[in-house]
Each structure stands twice: as structure tokens, then as C-alpha cells.
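Novice: A single structure is presented below for examination.
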Amino acid sequence: MTPTTTFRVIHMGDNQTDEKAKKSEGIESRVFDRGLPVNTLAMAERLKELLKENDTNCLEHAKSDPRIRQLLWLINQQFYGSLATVDLGKEWDEMYAASPQAEKDRLECEKGRKLTETIRQKYPETANFQIGDKEHFLKAAECAEKLGGEPLETFKRALTSLYRWTVNDQSETKGRVRLTPDFVPHSFGFVISNLKGEFVLNGGVICHGLKGVETFSVELVDKSDIHWSVHT
């Protein structure tokens, strides 16, 4: 039977006989009374006690304790109403939409979209790329553009080499490239996967020739100037 929504306030000293009888049971035992307790602080304290009894600080590890279930019902019915059906997904969506984080994420998403457009316009070779750090990519591209000439061409050739893994002979998309920053400045790690998300190849696009920078990558050609090459 669903309890009525008539509440009574419990104060120390009220109904002393009833209090003594139920003291050992705790406030959660009132879940089946015709009138329900309204002292949320008392419920919170009792929840703390029960968690300690279960030797945990996480409700997930105390699901088997019926007293905790009763207590949570009391707290939730007080907030939502005794006949409420709570959709936690909807609750989260509403809380998120009203939070500062939602606007922050929206701005970050818009920034990412604009950066992607900039990259696509300058480097159409990245059509099938998922670029994990777009600002890192643009800094590497800026370095290549400032150098111009052969260094810039090696940068573009490296991107084109990866792109070719993502299309078939008819230029139809068959895979994706995921780029992530490498510890070597202006360099990337990459993972190529097919359209099912299955692994195909991984490696790095490494910037060589930077003064004082050790790449820990071996090349078969002897080039001392700044250039980019693909390593697998």
C-alpha cells in the first residue's frame, strides 16, 4: 500500500514510548507508518551511520542492506513526491542544461568546429582525420608554413600518405585516421582504423631536424634540415 502524503514532524520528546520502541530500528523503520518523518538532517545522519555499519563510504557497496533502501525511499519521496517516477537520465539532462558547464562545453564545441573548418580548408588531406588536439595540429602546420619550401611539402606529403590509407581506388572512404600529439614538438602519433573501428595501422608523423630535440626515431635517409616523415 502506498503511504499517504500526510507528514508529521518528529521532535525529541514527542511520543517518547514510540521513540524508545523504534530507537534501535532507526528512522528508516517509519517508512511503513501512516505519517512519514520530515527531518532530512536526521535521515542524512542515519544514512551515514548505516554506511559505517556496512564498512563503506559508497552506496553501491551497501545495496543489500534493506534499511538503506528504506531510508533512500524516504529521502527521495520527500524531494520528488511519494508517487513520482524518477528518470535519472532526464534529471541529469536538466541539471546539465542549467549548469555553467553546458555553456562552457558549447563554446568549446564551437571553437573545435571552427578549428576543424580551418584545418580542412588549408589541408584537404585531413578529410578523413580525427584530430585529437586541433591547436597542436595548427601549431605544427604554422611551423611548416613559416619554413615553406621542402619542409612544408614534407608536412603535406605525410598527411597525404596517411589519407591514402583511408580511401580505396575509387576514392571512397574505407577508414579513419586518429591523430594525437607526440612528445616530439610539432609531431603526432596516429592510429588508422577501418569503418568498423577495427585496427589497421599505427605509428607517428615525426618532425625531424629541430635543434636540440631527440626524436628517438630512425630514418634511412640522411637529412639534417627540418622535415616531417611517417614512421610505422
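The values are calculated or read from the model by the stated rules, or taken from the named source; none is laboratory data. Computed from a prediction, not measured in an experiment: that's the story for all the values here. We place every Cβ from the backbone using ideal geometry, glycine too, and count neighbours over all the protein chains shown.
Novice: Which of the following residues is modelled with pLDDT under 95 and not assigned by TED's automatic domain parsing to the domain that holds residue 159: 50, 41, 36?
Specialist: Step by step, each of 50, 41, 36 is checked, and only 36 is modelled with pLDDT under 95 and not assigned by TED's automatic domain parsing to the domain that holds residue 159.
Novice: Please specify each residue of the range 157-172 satisfying the condition of being more than 17 Å from residue 199 (Cβ to Cβ) and touching a strand residue (DSSP E or B) at 6+ places or on another chain (Cβ under 9 Å).
Specialist: Residues satisfying the conditions are 157, 158, 159, 161, 163, 167.
Novice: In the range 144-159, what count of residues is obtained for those that are surrounded by 14 or more Cβ atoms within 10 Å (Cβ to Cβ) and closer than 14 Å to residue 119 by Cα?
Specialist: Total meeting the criteria: 4.
Novice: Can you tell me which residue in the range 144-153 is farthest from residue 131 (Cα to Cα), limited to those that are in contact (Cβ under 8 Å) with a residue 12 or more places away in the chain and in contact with a helix residue (DSSP H, G or I) (Cβ under 8 Å, 6 or more places away or on another chain)?
Specialist: That would be 151.
Novice: Could you grab the pairs with beta carbons closer than 8 Å, sequence gap of 6+ or different chains, first residue in the range 158-177 and closer than 10 Å to residue 126 by Cα and without any contact (Cβ under 8 Å) to a residue 24 or more places away in the chain, second one assigned to a helix (DSSP H, G or I) and charged (D, E, K, R)?
Specialist: From the range 158-177, no pairs qualify.
Novice: Tell me which of these residue 138 doesn't satisfy, since it passes every other one: (1) assigned to a strand (DSSP E or B); (2) out of contact with any Phe, Trp or Tyr (no Cβ under 8 Å at 6 or more places or on another chain); (3) of a type outside the set (D, E, K, R); (4) closer than 30 Å to residue 109 by Cβ.
Specialist: Evaluating residue 138 over (1) assigned to a strand (DSSP E or B); (2) out of contact with any Phe, Trp or Tyr (no Cβ under 8 Å at 6 or more places or on another chain); (3) of a type outside the set (D, E, K, R); (4) closer than 30 Å to residue 109 by Cβ leaves (1) as the failure.
Novice: Go through the range 214-232 and report how many residues are farther than 24 Å from residue 178 by Cβ, aliphatic (A, V, I, L, M) and surrounded by 11 or more Cβ atoms within 10 Å (Cβ to Cβ).
Specialist: Matching residues across the range 214-232 total 1.
Novice: Please identify the pairs in which a residue from the range 102-116 that is under 18 Å from residue 131 (Cα atoms) has its Cβ atom under 8 Å from the Cβ atom of a residue that is surrounded by 11 or more Cβ atoms within 10 Å (Cβ to Cβ), counting only partners at least 6 apart or on another chain.
Specialist: Matching pairs, first to second residue: 112/134; 115/134; 115/135; 115/138; 116/131; 116/134.
Novice: If a residue must be of a type in the set (Val, Ile, Thr) and under 23 Å from the mean Cα position of the chain (by Cα), how many such residues does the range 114-130 contain?
Specialist: Final tally of qualifying residues: 1.
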